[in-house]
Structures are given as structure tokens and as C-alpha cells.
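Participant: Sharing a structure, written as C-alpha cells. Questions coming.
The values are calculated or read from the model by the stated rules, or taken from the named source; none is laboratory data. Small disclaimer: the values here were computed from a predicted structure and weren't measured. Here the Cβ is made from the backbone with ideal geometry for all residues, glycine too, and neighbour counts use every protein chain on show. Keep in mind that these areas ignore ligands, DNA and RNA; they rest on the heavy atoms of the full protein, side chains included. Shrake-Rupley method; radii C 1.70, N 1.55, O 1.52, S 1.80 Å.
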Amino acid sequence: MDASARPGMPSLPERSKKPHDVAPEDAVLTTARARAAELGCLAISPDCGAALRMLAAAMQAKAVVEVGTGTGVSGLWVLRGMRPDGVLTSIDSESELQSAARLAFREAGVPPSRARLINGRALDVLPRLADGYYDLVLISDAPVTEYPDYLVEALRLLRPGGAVAFGGVLLGGRVAEPGVRDPITLVARELLRTIRDHPALTPAILPVDDGLLVAVRR
């Protein structure tokens, strides 16, 4: 779930090294993160990666959809929490980024059968995926204005007990400022209200990066 620096997308805050980190990154992840910086792609933090790994492990995820392959940082974290036979389906419109992700997965020893990379616009690809099959749907690398569309797709794709995760929902604190009423902030607020009030979802915002909104489908 890498977040590129594109117009209309939330930016992730700089993260300082903390002595109590529980999410150290190995050489493969460090290299993938360096490639992201070279290609202008903003990768999730280790803290966010650890949260996603934990979610995947807690639900023993076998099938995960990721919108935004990036250079493979988020995918590596998620794969490390999934079942050994689990498959990550990752969608990105940037072929150069997916090439970098393939290299990262190969360096990590991930079999090609466990990482299905699809090049294309996610809102065109997701409707072709199976209903009620996926354990986890991750959305971060997309304009915030499209987040409501991804929620519709996620509700169709998720099995009962599965979860959807949206990155960067706090927009650097803008969501909490009543006087801020630009179109992106208004969409983010409406998404939070929709998920909060949805009878089939149990949500929480995790305090990693710029807010990771996770909602479990009942």
C-alpha cells in the first residue's frame, strides 16, 4: 500500500527513529524503500507496515487486494503476515513501480505464484475480481476523491470478517478542522461518516502515518 506523491493524495509525515521500534526492516525492505525514494514514490512507514502485517496475521489472510503496488514495501509487509499459501493481488497503473516491486519480491524469496501484479487503473480492475473472496483490501495509492468508490468495491470483495484499510485519512489534521472545507477534505469527512454509520462495518483509526482507517465487515 505505497502512497505516491500525486495531486490530491495525502502525504505521510517524516518519521524519526525511535529506540522502542518493534518493526525493524531488513535489507530487502530497506532497499525497496530506497528505490521508492529514487522513483518519487512515498512508501508506508515501518509502523504502518507492522500494523498491516498484524492485521493479515490476525485474520490468517489467504487473499489480499492492494491498490497501489509502489516498489513493494507495503506488499512485503503484508505478505509476511499472510498464510504461507496466501496470494497478494496488487494493482498499479505505473509499470516502472511494479517492475521495482517484482524485483523486491524476488529478492525476498517470494514465489511468483504468491504475488499477482496487475497493471491498470484500480477502479477498472477491481470489478473483475471475485465477490466475497478477499480477507483484506488495502487502499492508499489513489486520489482521496475516489475513496468512496473503493469502499463500494471493498464491500463487494470482502468476506464476512474481512477488513478494508484506507491510508492517509486524516489529511495532515485537516479533517479535524471544521473551517477546512476544500473538496478533498469534505470527501474524507464523508467517508469517515459513512464507515462510522455503516451497519456492516466495525471501524477504528490506527495512529500510524497520517491515519490508517480500518473497518471489519461483520
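Participant: Filter the stretch 176-218 down to residues that are in contact with a Gly (Cβ under 8 Å, 6 or more places away or on another chain) and either without any contact (Cβ under 8 Å) to a residue 24 or more places away in the chain or part of a helix (DSSP H, G or I) (or both), then give me how many there are.
Facilitator: Here the count works out to 1.
Results for (1) at pLDDT 95 or above; (2) open to solvent by less than 10 Å² (accessible area, probe 1.4 Å); (3) under 26 Å from Gly86 (Cβ atoms); (4) of a type in the set (Asp, Glu), shown as yes or no for each residue.
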| residue | (1), (2), (3), (4) |
| --- | --- |
| Val144 | no, yes, no, no |
| Leu155 | yes, no, yes, no |
| Pro178 | no, no, no, no |
| Ile184 | yes, no, no, no |
| Glu190 | yes, no, no, yes |
| Ala200 | yes, no, yes, no |
| Pro203 | yes, no, yes, no |
| Leu213 | yes, yes, yes, no |
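Participant: Would you pick out the residues in the stretch 8-44 that are at pLDDT 55 or above, out of contact with any Asp or Glu (no Cβ under 9 Å at 6 or more places or on another chain) and on the phi < 0 side of the Ramachandran plot?
Facilitator: Within the stretch 8-44, Pro24, Glu25, Asp26, Leu29, Thr30, Ala34, Arg35, Ala37, Glu38 qualify.
Participant: From the list Arg80, Arg116, pick out the single residue that is surrounded by 16 or more Cβ atoms within 10 Å (Cβ to Cβ), charged (D, E, K, R) and modelled with pLDDT of 95 or more.
Facilitator: Result: Arg80 is the single residue among Arg80, Arg116 that is surrounded by 16 or more Cβ atoms within 10 Å (Cβ to Cβ), charged (D, E, K, R) and modelled with pLDDT of 95 or more.
Participant: Quick one: count up the residues across the stretch 114-145 that are over 14 Å from the mean Cα position of the chain (by Cα) and without any contact (Cβ under 8 Å) to a residue 60 or more places away in the chain.
Facilitator: Here the count works out to 16.
Participant: Run down Pro84, Pro148, Pro143 and say which single residue is touching a Lys or Arg at 6+ places or on another chain (Cβ under 8 Å) and not β-branched (Val, Ile, Thr).
Facilitator: Within the list Pro84, Pro148, Pro143, the selection yields Pro143.
Participant: Still on this structure, I have one more. Looking at Val67, is it among the β-branched types (Val, Ile, Thr) and within 15 Å of the chain's Cα centre (by Cα)?
Facilitator: Spelling it out, Val67 is indeed among the β-branched types (Val, Ile, Thr) and within 15 Å of the chain's Cα centre (by Cα).
Participant: Sticking with this structure for a sec: Would you check if Ala57 is assigned to a helix (DSSP H, G or I), at pLDDT 95 or above, farther than 24 Å from Val164 by Cα and not polar (S, T, N, Q)?
Facilitator: Taking the combined requirement at face value, the residue does not satisfy it.
Participant: Continuing with the same structure: Please pick out the residue among Ala23, Ala57, Ala36 that is open to solvent by less than 10 Å² (accessible area, probe 1.4 Å), closer than 24 Å to Asp135 by Cβ and out of contact with any Cys (no Cβ under 6 Å at 6 or more places or on another chain).
Facilitator: Of Ala23, Ala57, Ala36, the one residue that is open to solvent by less than 10 Å² (accessible area, probe 1.4 Å), closer than 24 Å to Asp135 by Cβ and out of contact with any Cys (no Cβ under 6 Å at 6 or more places or on another chain) is Ala23.
This table checks each residue for (1) under 23 Å from Leu201 (Cα atoms); (2) of a type in the set (A, V, I, L, M); (3) open to solvent by less than 60 Å² (accessible area, probe 1.4 Å); (4) within 16 Å of the chain's Cα centre (by Cα).
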| position | (1), (2), (3), (4) |
| --- | --- |
| Thr71 | no, no, yes, yes |
| Asp85 | no, no, no, no |
| Ala108 | no, yes, yes, no |
| Pro160 | yes, no, no, no |
| Gly167 | yes, no, yes, yes |
